[in-house]
Amino acid sequence: MSSTGRGMIDFARQFMPALAAATETVSGGGRMTGRRVGIALTLEPKTACFVEAVASLGAEVAVFGSGHSTKGAVAAALAESGVQVFAEEGAERDRVSELREAFIDTRPEYVSDDGASIVRRIHAERRDVLGDLLGVAEETTSGVRPLRVMEAEGALMVPCVAVNDARVKSLFDNVYGTGQSVVMAMLDATNMQMSGSAVVVVGYGRVGRGIASVARGLGARVTVTEIDPVEALAAHHDGFRVRPLAQAVTEADFVITATGIGHTLTAEHVALMRDGVIIAVGGAGPPEFDPSMGPALEWGPEVRPKVRPLSTGSGVTVFVVADGYCANTSAGEGNPIEVMDLSLALQLRALDLLATGDLAPGVHLLPRHIEDEVAGSQLAAAGIEIDQPTEAQIRAATSW
Amino acid sequence: MLDGFVRRRLADGALTGKRVAVVLHLEAKTAFLATVLADAGARVVVAGSNPWTTRDDVAAAMVERGVEVHSSRRSTPEVWEADLMKVAETEPEYIIDDGAELTVRIARDRPDIYSRLKGVSEETTTGVARLRQMEQAGRLPMPVIAANDAACKHMFDNRYGTGQSTIQAILQLTNLRLPGKRVAIVGYGWVGRGIANYVHALGGRVVAVEVDPIKGLEAHTDGHEVADLMTALGEADLVITATGGMRSVTERHFPALAPSTILANAGHHDLEIDVPALRDASTTEEEVRPGVTRFMLDGEKPVFVLAEGALVNIAGGLGHPVEIMDLSFSVQALGCHLLASGDLAPGVHQFPIELDQAIATAKLASQGIRLDLLEEGQSDTLSELLEADTWRSRGSQ
């Protein structure tokens, strides 16, 4: 089993030049040596490359992953190479909680967090290890949001780097990575054709933009729904139909949510849908799609792997991909390797930045030069050269 | 479609008691076609059209429903040949064929059965080309319907079906990203066009390779870069073969490949990427992910082959999307019905335009889409063109 995991990890590494470059840069400073690092990202081949990069820098690494997104073969391969693994494929909720507590018990100094789940847990329930925690690198939009709330309320006690907010992350990972992988995971799970279909994309943030663009590319007629007038206007200018959600879902073949906000799509909306609609979540997962809110719906048994029917009393059955968990990680392998190469290179640089000890408690952005170096390393690997600004351009840009 | 429209058309008893062999990629959608034919009274025998693409669970379910099946997944080419001959032994009257695989074998090995064949309906571009060669050689004693050439087949199945599912399978097998990828597409027929369209739409950069100047010019005019194969291979991150022929990428091309190039095949032949030659030129071969084999060329340059060079969308994915096969198999079922009810002369026949239009009309209606009818006075008729008075009264001069 672990040999498959090893093969998959090594295949991914072949397409991760930015992570390799970041590892080399960070190794020069030696700041990760002997540090306890906890990594709580979706556990699959790409993050395994990141885990092994951190371990190669001399850190003691522990990893945690949820039951529905952990790839068992990868976890086994990591355990074999000496990493402490607190993740089991298919683990149920109670078991995942146990694993998470055991992971926190390793008293990590630095954490790569996803959805701020570990840093929130430590601040709220596990203050016994808060003194050990020196910094957090947060991967997602859904995680940066609560960190900023904590900061505003004066509750955040450690420096956090919002890796998600780096342009090199959100312009690529969220748009191209999640956009491609959510749509593909949904099509893989259902074996459906997208050309000629009506797709509703709920939310036109970066992920929604990516999904809408991929769906259009595959020949769908896309309708966007929004609550933010600026994003809605952007969707309108991008040539998409913009409608209120309750209206849009009545004509949909596919409904994909990408808001990252709970209770976005509910049973009220399902009741308005046509028979046979496919629902997938491209945002944060439950309860972004909340079938408990509104009229009573009934779940049926899986009709294909990762596809379950949900019926209204009035003869309408819709099909939900991955029970409403984020489709790309739960029904597929997550984001593509090359975009995670960028994100994980930034993660590594963020850990290294936190380890300088120069950052105060609060939410910080990655400095521009780090972003430029990470983007530059992937361009270099693709053999792409760009221009340097001339003296005259620099003068023009910096004078008034 | 298949469940409603086609069933109704087949209900006239023309297929009752007829022996029909179905040789297609054996998965859920194909099984449904076989069931529809069996329900219309035909005695159906099924085999897979490729040694690597049969799904055992589907085969088992068909046996349970009383259909005779000779096929299993991961069989060897030898077992597959033997399975095809078992189907031949049932002395089919009609064949729904893929790549003309069964028809050609019966012609070669069982001339006695071949002479009694009453008709063949052919699914693929490759198979139609083979059967036309047979016709030219004077070795086609029965009528053949070029199901592939029906608009409701190739315009949708080959272009959108293979296009979407090929890209889907490649991304799923590798977990790689398409935006920014340089993708060489070898062959710009219906399949190549479809793949190129999706690659472009998803942010990949296409370079098309052709031997036909008209198709090459079409690719150029569609906005794709066009280059010779050696040049294209040298710059490609991903190579997709879609010629329907053999050995498109072979020994002399290997030195041109960049390290870590991914090779995938979307054409009928497993040998379109010459995997045996690649094996000979490599020091090691290892499956690094399910469906992804790494060959070390000359011991130092890794290249990756998907699904062992078999049709990547079927052998490495789920096959065509459901809705597309509904169209394709409607063509096949009606083609088989036409062979059984008509008295077509020997030779390759086009699928009748009336049937093509009937299928498209039924499909549109199932989607709730309405079209307009041409009204009187809207078409340019010969009588108007030749009658000066009418011509002037139209205000054309």
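Assorted remarks:
- Check: the range A:176-330 dipole with +1 on Lys, Arg Cβ and -1 on Asp, Glu Cβ, in debye: 360 debye
- Antiparallel DSSP beta bridges within chain B, percent to nearest 5: 25 percent
- Hits among lysines - C-alpha to C-alpha of A:K306 under 19 Å, sequence gap 8 or more where chains match: A:K71
- Listed by chain and number, the lysines placed with their C-alpha closer than 21 angstrom to that of B:K181 are A:K46, A:K169, B:K301; residues fewer than eight positions away on the same chain are left out.
- Globularity ratio of the range A:176-330, using Cα Rg and 2.2 N^0.38 Å: 0.93
- With a Förster radius of 56 Å applied to the C-beta separation of B:D343 and B:L385, the computed FRET efficiency comes to 0.90.
- Scaled against the 2.2 N^0.38 Å expected of a compact globular protein of N residues, the Cα radius of gyration of chain A reads 1.01.
- Fewest-first sequence of B:L176, A:L346 by Cβ atoms within 10 Å of each Cβ: B:L176, A:L346
- Quarter of Cα convex hull surface for the range A:93-170, i.e. mean projection, nm²: 5.3 nm²
- Relative contact order [Cα under 8 Å, 6+ residues apart], the range A:111-178, whole percent: 32 percent
- Beta bridge orientation in the protein assembly as shown: antiparallel %, DSSP, nearest 5: 20 percent
- For the residues B:S330, B:S71, B:S383, a GNM of chain B with alpha-carbon springs under 10 Å puts the largest fluctuation on B:S383.
- Fraction of the pair-distance distribution of the range A:283-400 above 25 Å, Cα-Cα pairs, percent: 57 percent
- Chain A: angle of helix A:93-104 to the longest principal axis, Cα-based, in degrees nearest 10: 20 degrees
- Residue with peak Gaussian network fluctuation, chain B [Cα springs, cutoff 10 Å], from B:D372, B:D97, B:D298: B:D372
- Close amide H partners of A:A137, meaning residues 5 or more places away or on another chain with modelled amide H under 5 Å apart, are A:V111, A:S112, A:D113, A:V161.
- Karplus (6.51, -1.76, 1.60) ³J(HN,Hα), θ = phi - 60°, over the range A:50-62, in Hz, Gly and Pro reported as x: 5, 4, 5, 5, 5, 5, 5, 8, x, 7, 8, 10, 10
- Highest-MSF residue in chain A out of A:T356, A:T250, A:T178 [GNM, Cα springs under 10 Å]: A:T356
- The residue among A:A392, A:T178, A:V214 whose Cα reaches farthest toward the positive pole of the charge dipole of chain A, with charges on the beta-carbon of Lys, Arg, Asp and Glu, is A:V214.
- Cα-based shape type of chain B, given that a ≥ b ≥ c are square roots of the gyration tensor eigenvalues and the cut on a/c is 1.5: oblate
- Kirkwood hydrodynamic radius of the protein assembly as shown, from inverse mean 1/r over distinct Cα pairs, in Å: 28.7 Å
- Cβ crowding within 10 Å, taken as a proxy for footprinting-reagent exposure, orders B:T30, A:T398, A:T257, A:T317 from fewest neighbours to most as A:T398, A:T317, B:T30, A:T257.
- The range B:154-315: relative contact order in percent, alpha carbon pairs under 8 Å with at least 6 residues between: 21 percent
- Stretch in chain A that is longest and holds no GluC sites (Glu not before Pro) that DSSP places in a loop and that have at most 16 other beta carbons within 10 Å: A:154-301
- Spatially proximal lysines relative to B:K118 (Cα-Cα < 29 Å; intrachain offsets below 8 disregarded): B:K18, B:K29, B:K86, B:K153
- In whole angstrom, the range A:1-107 maps to an equivalent ellipsoid with semi-axes of 23, 18, 10, each derived as √(5λ) from the alpha carbon gyration tensor and ordered largest first.
- Given charges at beta-carbon only (K, R positive; D, E negative), |dipole| of the protein assembly as shown in Debye: 360 debye
- Counting neighbouring beta carbons within 10 Å and listing from fewest to most, the residues A:R93, B:R132 come out as A:R93, B:R132.
- Computed [θ] at 222 nm, deg cm²/dmol, chain A (DSSP H ≥ 4; -39,500 (n - 2.57); rounded to nearest 500): -12000 deg cm²/dmol
- Relative contact order for chain B: 16 percent, from Cα pairs under 8 Å spaced at least 6 residues apart, divided by residue count.
- For chain A, the longest principal axis of the Cα atoms and the long axis of helix A:17-29 meet at an angle of about 30 degrees.
- Dipole magnitude for chain A: about 400 debye, using +1 per Lys or Arg Cβ and -1 per Asp or Glu Cβ, origin at the Cα centre.
Bear in mind that the values in this text are calculations on the coordinates, not laboratory data. Predicted model only: the values in this text are computed from it and were never measured. Positions of Cβ are backbone-derived with ideal geometry, glycine not excepted, and every protein chain shown enters the neighbour counts.
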